[in-house]
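Peer 1: Below you'll find the structure I mean.
The values are calculated or read from the model by the stated rules, or taken from the named source; none is laboratory data. Since this is a predicted model, take the numbers as computed values, not measurements. When we count neighbours, we look across all protein chains shown, and the Cβ atoms used for this are built from the backbone with ideal geometry, even at glycine. SASA here: full protein model, heavy atoms, side chains in, ligands and nucleic acids out. Shrake-Rupley method; radii C 1.70, N 1.55, O 1.52, S 1.80 Å.
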Amino acid sequence: MRKILSMVIATGMSALVFAQSDVDALRFSMLDFGGTARALGSGNAYGALGGDMSAASMNPAGLGIYRSSELTISTRLLSLDADASYYGQTLNDNRYDFALNNAGLVFANVNRGKENATSDWVGGSFALTWNRIADFNSAVTYSGFNEHSSLLDSYVDYLNAGGGTAPEDVFDKDPFGAGLAWETFLINPMPFDSSQYFSEIADGRVQQTKIITTEGGIGEFSIAFAGNYGNRLYVGGAIGIPRIRYAQSYVYSEEDVNNVHNGFNSLSLNDVTETVGTGINAKVGLIYRINDYLRVGAAAHTPTLYGMSDLYYATMNSDLETSSYSYDSPIGEYNYELITPWRVSGSAAVTLKNIGFVSAEYEFVDYSEASFNFNRTMDAGDLSYESLVNTNIDTKYGTASNIRLGAELMYDVFRFRGGYIMSSTPFNDGIAAGNADYARNTYTAGIGIKEQSYFIDLAFAHTTFTEYDIQYVYDNGSGVNEGAEINRSLNNFLLSFGFRF
């Protein structure tokens, strides 16, 4: 925990005028392949199976297994629950979200007379698909009594560092934080040195509350091709065009609940960030049927190159005994590039005709390979911050292993499915704060009906993981302030309809 907080200290004040951080690089690099209810019900362990629309975002070789064309659409209902613990107090928050999860068309062709061939090209498929590959919807509230520090302490430290700050420069130095506190009279100059500052809150002793709401996700449109050679080897490739939409709004407040501060009642900081981005990547894969029962697969996903755009602004409100004040920041806008890591996977499946299958998949990703490019204007400040953030990415994050297991049992037209997904922590050893290592465990189940010309599938997935949030970092000599540990639980209900023609 000490390591991660030291890096927050190093970048925290720089980030006041830059909306981008290593946290953003991780957020947009961690993926959850949405796809169809059939795939999710079996733990998304479909790398060696194919024959499902999700293959375009997993292993495009799986599209080569199609024998007929198909139209699929999937919708999902997501239930999100968060328990946040902060200074000994735990609060619960929850929300629901309904959205499209998958849609697409596969056009399959089998060469006449080659249906059962053991050599030469048997046929192929062309697919146009859209899959939701990440979801950012959440709601979190945490609150606790901090006896030692205030957000204003971090502002004062920033302004007083390096010999101090002239009053006329305060707002321009940090127009999204300390400058707002200055304009709302929450920090003021020392009587005998106007370049040094003090806050209206001394030694903490305030109730601190934060309400965070996030929305959006990553949806990927894919153009995919796959071929079938001798009913043994299936090869495929896809061009992916993912689209990011991320919106975060939070309200952070401090309140003198015990009436110990002369002249101060409360403050609130409202902060809004909106991010959009469009990227491009490529995926290649293969599946090989060793015999009628065993097949193996492999896939590689190139890094995604995103063109990103951020818009952000903030408002500070103060309630003092003499008066109340409010001040708005300027609207910040910034364009930049983000490169996400490579992903490679290997898979295997055992299939038993008219009985079902069991499957397993291993995926490897190195999150330290993510990087930002701020070098749009050759500005020295941009380049310096780019180097700092990319160094933090390389230091904080490392390699992760994702394991997916799945099974399906057939009974007449019915399909019964189950699965498990383990996503290991993206952090290097000693970096994560306590138990908040972002490692995920997901249990899935599903049921379906498969007829000759249509199918209906329903899946359920339960995911748990722990995150960490800290509003500011301040060391009063006895250690840095605490952040909130957030235990998340996600319940995903997915319904798919498909038609073959």
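Peer 1: Across the stretch 40-69, which residue is farthest from Asn441 (Cα to Cα) among those that are without any contact (Cβ under 8 Å) to a residue 60 or more places away in the chain and touching a helix residue (DSSP H, G or I) at 6+ places or on another chain (Cβ under 6 Å)?
Peer 2: Among those that are without any contact (Cβ under 8 Å) to a residue 60 or more places away in the chain and touching a helix residue (DSSP H, G or I) at 6+ places or on another chain (Cβ under 6 Å), it is Gly51.
Peer 1: Select, from Leu490, Leu495, the only residue that is surrounded by 18 or more Cβ atoms within 10 Å (Cβ to Cβ), touching a strand residue (DSSP E or B) at 6+ places or on another chain (Cβ under 6 Å) and among the hydrophobic types (A, V, I, L, M, F, W, C).
Peer 2: Unique residue meeting the criteria: Leu490.
Peer 1: Oh, and also: So in the stretch 326-349, with the set limited to residues that are in a strand (DSSP E or B) and in contact with a Phe, Trp or Tyr (Cβ under 6 Å, 6 or more places away or on another chain), which one is most open to solvent (accessible area, probe 1.4 Å)?
Peer 2: Val344
Peer 1: Report, by residue number, each residue of the stretch 433-485 that is assigned to a strand (DSSP E or B), over 21 Å from Ser149 (Cα atoms) and touching an Asp or Glu at 6+ places or on another chain (Cβ under 7 Å).
Peer 2: Listed by number, the residues that qualify are Ala436, Gly446, Gly448, Thr466.
Peer 1: Quickly run through the stretch 377-389 and pick out the residues that are touching a strand residue (DSSP E or B) at 6+ places or on another chain (Cβ under 6 Å) and either surrounded by fewer than 21 Cβ atoms within 10 Å (Cβ to Cβ) or assigned to a strand (DSSP E or B) (or both).
Peer 2: The one that is touching a strand residue (DSSP E or B) at 6+ places or on another chain (Cβ under 6 Å) and either surrounded by fewer than 21 Cβ atoms within 10 Å (Cβ to Cβ) or assigned to a strand (DSSP E or B) (or both): Glu386.
Peer 1: Considering only residues of the stretch 428-454 that are open to solvent by 20 Å² or more (accessible area, probe 1.4 Å) and among the small types (Gly, Ala, Ser), which is nearest to Thr399 (Cα to Cα)?
Peer 2: Taking the candidates together, the pick is Ala439.
Peer 1: Shifting gears a bit: May I ask you to list the residues in the stretch 67-112 that are more than 30 Å from Phe126 (Cα to Cα) and acidic (Asp, Glu)?
Peer 2: Across the stretch 67-112, the qualifying residues are Asp81, Asp83, Asp93, Asp97.
Peer 1: Could you tell me how many of the residues in the stretch 357-367 are open to solvent by 10 Å² or more (accessible area, probe 1.4 Å) and without any contact (Cβ under 8 Å) to a residue 60 or more places away in the chain?
Peer 2: Qualifying residue count, the stretch 357-367: 4.
Peer 1: If we only count strands (runs of 3 or more DSSP E) wholly inside the stretch 173-232, which ones have 1 or more residues that are surrounded by fewer than 17 Cβ atoms within 10 Å (Cβ to Cβ) and either on the phi > 0 side of the Ramachandran plot or without any contact (Cβ under 8 Å) to a residue 24 or more places away in the chain (or both)?
Peer 2: Output list reads 187-190.
Peer 1: Now for a different question. Have a look at Leu26, Leu100 and point out the one that is surrounded by fewer than 20 Cβ atoms within 10 Å (Cβ to Cβ) and over 25 Å from Ser424 (Cβ atoms).
Peer 2: Leu100
Peer 1: Can you tell me which residue among Asp292, Asp310 is open to solvent by 60 Å² or more (accessible area, probe 1.4 Å) and either over 29 Å from the mean Cα position of the chain (by Cα) or not aliphatic (A, V, I, L, M) (or both)?
Peer 2: Only one candidate qualifies: Asp292.
Peer 1: Continuing with this model, one more query. Out of the residues in the stretch 65-80 that are assigned to a strand (DSSP E or B) and small (Gly, Ala, Ser), state the one that is most open to solvent (accessible area, probe 1.4 Å).
Peer 2: Ser79
Peer 1: State which residue pairs qualify: first residue on the phi < 0 side of the Ramachandran plot and inside the stretch 372-390, second residue among the β-branched types (Val, Ile, Thr) and modelled with pLDDT of 85 or more in any location, beta carbons under 6 Å apart, and separation of 6 or more residues or different chains.
Peer 2: Phe372/Val389
Peer 1: Considering only the stretch 54-69, state which residues are closer than 22 Å to Trp342 by Cα and of a type in the set (A, V, I, L, M, F, W, C).
Peer 2: Those that are closer than 22 Å to Trp342 by Cα and of a type in the set (A, V, I, L, M, F, W, C): Ala55, Ala56, Met58, Ala61, Leu63.
Peer 1: Also: Quick check, is Asn392 more than 30 Å from Gly356 (Cα to Cα) and within 19 Å of the chain's Cα centre (by Cα)?
Peer 2: Considered against the rule, which asks whether it is more than 30 Å from Gly356 (Cα to Cα) and within 19 Å of the chain's Cα centre (by Cα), Asn392 comes out as yes.
Peer 1: Now for a different question. Thr425 - would you say it is among the polar types (S, T, N, Q), crowded, with 18+ Cβ neighbours inside 10 Å and closer than 19 Å to Asp22 by Cβ?
Peer 2: So Thr425 passes the test.
Peer 1: Hey, another quick one. Can you name the number of the only condition in (1) more than 28 Å from Gly307 (Cα to Cα); (2) open to solvent by 20 Å² or more (accessible area, probe 1.4 Å); (3) in contact (Cβ under 8 Å) with a residue 40 or more places away in the chain that Ala459 fails?
Peer 2: Looking at each condition in turn, Ala459 falls short on (2).
A quick yes/no check of all residues on (1) of a type outside the set (Asp, Glu); (2) open to solvent by 40 Å² or more (accessible area, probe 1.4 Å); (3) part of a loop (DSSP other than H, G, I, E, B); (4) touching a Leu at 6+ places or on another chain (Cβ under 7 Å):
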| site | (1), (2), (3), (4) |
| --- | --- |
| Gly34 | yes, no, yes, no |
| Arg38 | yes, yes, no, no |
| Gly47 | yes, no, yes, no |
| Leu63 | yes, no, no, no |
| Ser85 | yes, yes, no, no |
| Asp93 | no, no, no, no |
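Peer 1: Any residue in the stretch 143-160 that is part of a strand (DSSP E or B), open to solvent by 20 Å² or more (accessible area, probe 1.4 Å) and polar (S, T, N, Q)?
Peer 2: No, every residue in the stretch 143-160 fails to be part of a strand (DSSP E or B), open to solvent by 20 Å² or more (accessible area, probe 1.4 Å) and polar (S, T, N, Q).
Peer 1: For the stretch 119-157, which residues satisfy the criterion of being over 26 Å from the mean Cα position of the chain (by Cα) and of a type in the set (Gly, Ala, Ser)?
Peer 2: Ser119, Gly123, Gly124, Ser125, Ala127, Gly144, Ser149, Ser150, Ser154
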